[in-house]
Amino acid sequence: MSEGMDTIIGTKGVCLLGGEKQRIALAKTILKDASILILDNTTAYADPENKYIIQKALNL
């Protein structure tokens, strides 16, 4: 996203692509700091570079 955390996404994120929506959902989940995290196709919409970044951040 062009403005990072300051990007305005609009009502219900209608201007977001599938991968962007998925990354936001993942970030919200991680920020909740739950003791258990179940992931299913977390990087399905991610390009190879973002897939690597996500996996590295999650220590997978």
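Assuming Ile54 fulfils every condition listed in (1) at positive phi; (2) touching a Lys or Arg at 6+ places or on another chain (Cβ under 8 Å); (3) modelled with pLDDT of 80 or more apart from one, which condition is it?
It fails just one condition, (1).
Output the qualifying pairs, or none if there are none: Cβ atoms under 8 angstrom, residues six or more apart or on different chains, first residue in segment 40-51 and at pLDDT 85 or above, second residue in a loop (DSSP other than H, G, I, E, B) and surrounded by 15 or more Cβ atoms within 10 Å (Cβ to Cβ).
Asn50/Thr43; Lys51/Thr43
Looking at segment 1-51, which of its residues are at negative phi and basic (Lys, Arg)?
Matches in segment 1-51: Lys21, Arg23, Lys28, Lys32, Lys51.
If you take the residues in segment 20-60 that are β-branched (Val, Ile, Thr) and not in a loop (DSSP other than H, G, I, E, B), which one is surrounded by the most Cβ atoms within 10 Å (Cβ to Cβ)? Walk me through how you get there before you give the answer.
So in segment 20-60, the residues β-branched (Val, Ile, Thr) come out as 24, 29-30, 36, 38, 42-43, 53-54.
Still in the running and not in a loop (DSSP other than H, G, I, E, B): 24, 29-30, 53-54.
Working: Ile24: 14, Thr29: 14, Ile30: 12, Ile53: 14, Ile54: 18.
My answer is Ile54.
Among the residues of segment 8-19, which ones are part of a helix (DSSP H, G or I) and either under 11 Å from the mean Cα position of the chain (by Cα) or surrounded by 14 or more Cβ atoms within 10 Å (Cβ to Cβ) (or both)?
Gly18, Gly19
The values are calculated or read from the model by the stated rules, or taken from the named source; none is laboratory data. Model, not experiment: these values are computed from the prediction. So basically every Cβ, Gly included, is an ideal-geometry build from the backbone, and we count neighbours across all protein chains shown.
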